[in-house]
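The values are calculated or read from the model by the stated rules, or taken from the named source; none is laboratory data. Just so we're clear, the structure is a prediction, and the values are computed from it rather than from any experiment. Here the Cβ positions follow ideal geometry from the backbone for every residue, glycine too, while neighbour counts run over all protein chains shown.
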Amino acid sequence: LVMHRLTEQWSEPLNNAMLFGLETLPLMLIGVALYRLGFFNGAIGRAKLLRWGWICVIAGGLAHLAIGLVIQAGGFTFYGTLAAYIGWSPLPRLWMILGLAALLVAYAPSATGWLGERIRAAGRAAFTNYLGTSILMMLVFHGWALGLFGELNRPQLYIVVLLAWAVMLAWSKPWLDRFRYGPLEWFWRSLTYRTVFPLRK
């Protein structure tokens, strides 16, 4: 597998960076700008966040539905699907990202109790959860592990997603009750500042 990646697919990371970097980098900059404008700190009223949040989510969802119906009518061809994902959907995807961010900011303060604490902890360990679920899904779907790629139908895939969410919610809070950061958050912070930060509380 490693040799195949090195010999046959060596250019794939570069291709992916070129394809998706033009969307990812602007999204990061938009996030920084929103942070500096106080978007996440109460500078915008809750009513306005809810109004524009739902408008953006619904508009983005309807646009994605229209794109999906066009692709379905065309028979889900490779290039048609690729064009939809890379060319047509970034704008409605941006609407949905901004809308979901607004709704998150509006609803998060009221997310208290057991579930709210678990979700906050999962967010604080987002880097570890991101890479951890990538590794977990590799074990589930890759041919050298469970090999379930292409074997599960849509409802079964939803079960896999729910189980992955459950894992993130299950481990994050107990870990952060004992430690200051998630494992990879601690490693990245120490690497960035070139000093070893204390991990235990």
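Please report, ordered by residue number, the helices (runs of 4 or more DSSP H) entirely within segment 109-181 with at least 1 residues that are modelled with pLDDT under 90.
Filter on segment 109-181 gives 113-124, 154-178.
What pairs come out if I take residues in segment 112-123 that are farther than 18 Å from GLY182 by Cβ and without any contact (Cβ under 8 Å) to a residue 60 or more places away in the chain and pair them with residues that are of a type in the set (Val, Ile, Thr) and assigned to a helix (DSSP H, G or I) whose C-beta lies under 8 Å away, six or more apart or interchain?
none
Could you pull out the residue among PHE39, PHE20 that is surrounded by 10 or more Cβ atoms within 10 Å (Cβ to Cβ) and within 30 Å of ALA145 (Cα to Cα)?
On the way: PHE39 fails: within 30 Å of ALA145 (Cα to Cα).
Just one listed residue meets the conditions, PHE20.
Out of (1) in contact (Cβ under 8 Å) with a residue 24 or more places away in the chain; (2) farther than 24 Å from ALA101 by Cα; (3) surrounded by fewer than 16 Cβ atoms within 10 Å (Cβ to Cβ); (4) of a type outside the set (Gly, Ala, Ser), the odd one out for MET137 is which?
(3)
For segment 148-201, what are the residues that are of a type in the set (Val, Ile, Thr) and touching a residue at least 12 places away in the same chain (Cβ under 8 Å)?
VAL160, VAL167
Could you give every pair whose Cβ atoms fall below 7 Å, whose first residue belongs to segment 77-104 and is more than 22 Å from LYS48 (Cβ to Cβ) and of a type outside the set (Phe, Trp, Tyr), and whose second residue is at pLDDT below 95 and not in a helix (DSSP H, G or I), counting only separations of at least 6 or pairs across chains?
GLY80/GLY74
Has segment 88-102 got at least one residue that is among the polar types (S, T, N, Q) and crowded, with 16+ Cβ neighbours inside 10 Å?
The answer is yes; a qualifying residue exists.
For segment 10-23, indicate whether the set of residues that are farther than 23 Å from LEU98 by Cα and not in a helix (DSSP H, G or I) is non-empty.
Yes: segment 10-23 contains one or more residues that are farther than 23 Å from LEU98 by Cα and not in a helix (DSSP H, G or I).
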